Amino acid sequence: VWATFESLRADAGMTFKRGIAMSFSELDRRFKSHNGFKVGSRIILTHVFDSYGFFNYGSKIAMSMADIERVFAVLDGKPSDPGALERAIRA
């Protein structure tokens, strides 16, 4: 068990980078405001709301939004607050 935790800790940077790549690769390529190599002034997320206009808890959008928030926090040098965007949307 200890060896597994040590291995996971040692690979934390790569795991974080993999999560970043996965989150941004899942963004819709039909929109010209972003591509796989840079982020422009906006990010377009699909399936954030269900057909009734409520936050879509049935999709994995909340996890993707938390990953994107975490990336921006790291880039800004600020502490991460996963879920802040989701809370703001619900409010």
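Worth a mention:
- A 1.4 Å probe over all protein chains sorts 69, 26 by accessible area into 26, 69, starting with the largest.
- Chain lengthening between residue 6 and residue 21 when straightened (0.36 nm per residue, less Cα-Cα): 3.1 nm
- Reciprocal of mean inverse Cα separation for region 39-91 (Kirkwood radius, Å): 11.9 Å
The values are calculated or read from the model by the stated rules, or taken from the named source; none is laboratory data. The model shown is predicted, which means the values in this text are computed figures rather than measured ones. These accessible areas exclude ligands, DNA and RNA; they are computed on the full protein's heavy atoms, side chains included. Shrake-Rupley method; radii C 1.70, N 1.55, O 1.52, S 1.80 Å.
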